[in-house]
Amino acid sequence: MKKKKIILIIGGHDPTSGAGITADIETAGYFNYHPLSILTCSTIQNTSKVIKVNKMPNNYIYSSFKELIKEFKIDIIKIGLIPSIRSSKEILKILENKKIKNIPIIIDPIINSGSGRKLVFKNNINFVVKNLYPKALLLTPNKCEYNIIKKIHKQHSTENIKNILITDYKFKKNHIMLKLIESEASNEKEFNIKKFSKIYHGTGCTFSTAIACNISDNNSIEKSIAIALNYMKKVIEVSSIEGKKQFLLNRSLY
């Protein structure tokens, strides 16, 4: 039997399991990865709105990492919601730890919830753009998040953000166009996926984790995106659980 690789997932908990760390864990399982998980926050929410974001205790994030790294060899890191400066600083300590040197890092920037509630405030966005995002191999923002990042990034032009995938760059007929910007190669490439009529919860988390697993399997970023898009199409097509405002994804595909 092929030995499972290990993905470290750092993100928030969504009690619907539609998004957040549960979505990451289910996706990692589909791609035969064992997930280690560290919560940045818990939330009170449903598919209609986010009621409250509860931060984790001081030093919880970094202390959890220190214990995990004693026993497990991490192959890739996926980071989702980072709700506060305190959590950002603890994650920065993780990313600067020598034991994860050269491990690919994928960050899904989450600024607002799908219902429009602001989850990350300006001072924290400034901090992560300057200190965390340059350490990532790939960022996967939506267009709104990308515009915010781009504006802040101009203020810190000495810092380099390597690769950015804008997940909803534009809409074309019945498709959603995505754009990959590779800064080091000065290269851009577009991808597309069918636009479905219903609204699905947790597509960003699921998609970025699928990309992360495939990058760790020694695929190029472009190939990893293509595989993840094919997975997303299948996941959406077999989804049947419906909340009041959004459908939940069937990430196991059965």
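The values are calculated or read from the model by the stated rules, or taken from the named source; none is laboratory data. For clarity, every value in this text was computed on a predicted model and none was experimentally measured. Heads up, the Cβs are rebuilt from the backbone with ideal geometry, glycines too, and the neighbour counts pull from every protein chain shown.
Quick rundown of the values:
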item	result
Subset of the stretch 197-234 (residues that are farther than 19 Å from ILE164 by Cα, over 14 Å from the mean Cα position of the chain (by Cα) and not aliphatic (A, V, I, L, M))	SER197, LYS198, TYR200, ASP217, ASN230, TYR231, LYS233, LYS234
Tally, over the stretch 1-45, of residues that are among the charged types (D, E, K, R), touching a His at 6+ places or on another chain (Cβ under 9 Å) and not in a strand (DSSP E or B)	2
LYS130 vs. criteria under 30 Å from ASN218 (Cα atoms) and free of Cβ contacts under 8 Å to residues at least 24 places away in the same chain	no
Inter-residue pairs, beta-carbon under 6 Å, first among the acidic types (Asp, Glu) and in the stretch 21-33, second assigned to a helix (DSSP H, G or I), 6+ apart	ASP24/CYS205; ASP24/THR209
Residues satisfying the stated conditions in the stretch 187-226, i.e. outside any helix (DSSP H, G or I) and among the hydroxyl-bearing types (Ser, Thr, Tyr)	SER197, TYR200, SER220
Residue within the stretch 52-61 that is free of Cβ contacts under 8 Å to residues at least 40 places away in the same chain and β-branched (Val, Ile, Thr) present	no
Test set (1) modelled with pLDDT under 95; (2) touching a Gly at 6+ places or on another chain (Cβ under 6 Å); (3) under 22 Å from VAL129 (Cα atoms) - ILE21 fails condition number	(1)
Failed item, numbered, when ILE85 is tested on (1) closer than 30 Å to LYS245 by Cβ; (2) aliphatic (A, V, I, L, M); (3) touching a Phe, Trp or Tyr at 6+ places or on another chain (Cβ under 8 Å)	(1)
Tally of residues being more than 26 Å from SER220 (Cβ to Cβ) and either modelled with pLDDT of 95 or more or touching a Phe, Trp or Tyr at 6+ places or on another chain (Cβ under 7 Å) (or both) across the stretch 99-127	0
Filtered residue count, the stretch 18-59, keeping only those that are more than 15 Å from the chain's Cα centre (by Cα), over 23 Å from LYS89 (Cβ atoms) and not charged (D, E, K, R)	13
So LYS194, is it closer than 26 Å to TYR254 by Cβ and over 18 Å from the mean Cα position of the chain (by Cα)	yes
Count of the stretch 1-60 residues which are crowded, with 21+ Cβ neighbours inside 10 Å and among the small types (Gly, Ala, Ser)	7
Test: residue in the stretch 7-17 that is farther than 26 Å from ILE100 by Cβ and either of a type outside the set (Val, Ile, Thr) or touching an Asp or Glu at 6+ places or on another chain (Cβ under 6 Å) (or both)	yes
